[in-house]
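Below is one structure, written out as structure tokens; comments come after it.
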Amino acid sequence: MHMMTIIKRCRMLIGTTLLINSLAHADIVVITNAKNTEVIKAVSVRQIFLAKIQTFPSGAMAFPVESAVSQKEFSEKFLQMTPESLNAYWARLLFTGEAKPLKKLASDDDVIKFVLDHPNAIGYIDSTKVTSSVKVVN
């Protein structure tokens, strides 16, 4: 086989692999109940999910909920932490009694249901799961 043909096929294979990989990792978004009127900035999202604050900007209690399937992407995008460093952070908070563990649900669909049932809930899901019943805050 001609060397240029091999190089072209390798490039095509690499390009296809990168495209498939990017499609497999959809964007993560933060959601609240559609009736929630809070204006929530990225810094507040970070503080809520790191248990540094327990309220929305208005003072209303925030109930953060995690998605087991989207946690890695969320921690990297919004918290700028690897899953390992986030686990270590939470281990310290729990050991010292500074915070209670966040509610972790098995799927993005479970997070959506929780957010629908709790007006002050805030969670994160894969952007492909967003419906009109929730409000995207990022």
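Taking amide H positions as modeled 1.01 Å from N, with prolines and chain starts lacking one, the residues under 5 Å from Phe63 and 5 or more places away or on another chain are Ala121, Ile122. Overall shape: oblate for segment 26-136, with the ratio a/c of the largest to smallest alpha carbon gyration tensor axis at 1.5 or above and b/c at least equal to a/b.
Return the distance in nm (one decimal) between the two label points of a simple spin-label model at Lys72 and Leu116, each offset 7 Å from Cα along Cα→Cβ. It is 2.8 nm. Counting neighbouring beta carbons within 10 Å and listing from fewest to most, the residues Tyr124, Tyr89 come out as Tyr89, Tyr124. Arranged from fewest to most other beta-carbon atoms within 10 Å of their beta carbon, Val65, Val115 become Val65, Val115. Taking trypsin sites (Lys or Arg not before Pro) across segment 18-112, the ones in a DSSP loop with at most 16 further Cβ atoms lying within 10 angstrom of their Cβ are Lys35, Lys41, Lys52. Each of Thr131, Thr55, Ile31 was scored by the projection of its Cα onto the charge dipole of segment 26-136, and the greatest displacement toward the positive side belongs to Thr55; charges sit on the C-beta of Lys, Arg, Asp and Glu. Taking 20 Å as the straight-line reach from the Cα of Lys113, the lysines in range (excluding those fewer than 8 positions away in the same chain) are Lys35, Lys103, Lys104, Lys129, Lys135.
Readers should treat all values here as calculations from the given coordinates under stated rules, not as data from a laboratory. Here the structure is a predicted model, which means the values were calculated and not measured. Methodologically, a virtual Cβ is constructed for each residue, glycine included, from the backbone with ideal geometry; neighbour enumeration extends over all protein chains shown.
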